[in-house]
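The values are calculated or read from the model by the stated rules, or taken from the named source; none is laboratory data. In this text, all values refer to a predicted model and were calculated from it rather than measured experimentally. So basically every Cβ, Gly included, is an ideal-geometry build from the backbone, and we count neighbours across all protein chains shown.
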């Protein structure tokens, strides 16, 4: 059985991760981790994925596109989004946080650089 997001968060690679919302979804199994920097990442989903991103494209997008991005992940079957808040995206855009709360979607952030390969 695949690990849950809650279980993944206990691994050393996730030290320093902060769950901003979607706590109720932490017990869903994560079937795959997928690194993506595109706003139409949902087209690659098959369900159960944990998306990992620096948020470069997200930072440049207007608020309605940011909201659509998060909604598309939730509706596409992703089980969470991990964002590295370091360079292009120093903080979570309000549209993303609002959509994550609306959909009870797990949103995890790192406030320091992290090796995506280890995640």
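Of all the criteria given as (1) in contact with a strand residue (DSSP E or B) (Cβ under 7 Å, 6 or more places away or on another chain); (2) surrounded by 14 or more Cβ atoms within 10 Å (Cβ to Cβ); (3) more than 17 Å from residue 119 (Cβ to Cβ), the one not satisfied by residue 99 is (1). Residue pairs whose Cβ atoms lie under 8 Å apart, separated by 6 or more positions or on different chains, with the first residue in region 1-14 and exposed (fewer than 15 other Cβ atoms within 10 Å of the Cβ) and the second at pLDDT 95 or above, are 1/29; 2/29; 2/30; 2/31; 2/48; 3/29; 3/30.
The set of residues from region 45-62 being over 21 Å from residue 19 (Cα atoms) and surrounded by fewer than 13 Cβ atoms within 10 Å (Cβ to Cβ) comprises 46, 60, 62. Checking each residue in region 43-70 for being over 12 Å from the mean Cα position of the chain (by Cα) and part of a helix (DSSP H, G or I) picks out 43, 44, 56, 57, 59, 60, 63, 64, 65, 66, 67, 68.
Whether a residue is buried (at least 17 other Cβ atoms within 10 Å of the Cβ), in contact with a strand residue (DSSP E or B) (Cβ under 7 Å, 6 or more places away or on another chain), in a helix (DSSP H, G or I) and at pLDDT 95 or above was assessed, and residue 73 passes this test. Look at (1) touching a helix residue (DSSP H, G or I) at 6+ places or on another chain (Cβ under 8 Å); (2) touching a residue at least 40 places away in the same chain (Cβ under 8 Å); (3) closer than 20 Å to residue 14 by Cα; (4) surrounded by fewer than 19 Cβ atoms within 10 Å (Cβ to Cβ) and you find that residue 114 fails only one, number (4). The conditions of being within 12 Å of the chain's Cα centre (by Cα) and either at negative phi or surrounded by fewer than 19 Cβ atoms within 10 Å (Cβ to Cβ) (or both) are met by residue 36.
Residue 92 passes all but one of (1) touching a residue at least 40 places away in the same chain (Cβ under 8 Å); (2) in contact with a helix residue (DSSP H, G or I) (Cβ under 9 Å, 6 or more places away or on another chain); (3) not in a loop (DSSP other than H, G, I, E, B); which number fails? It is condition (3) that residue 92 fails.
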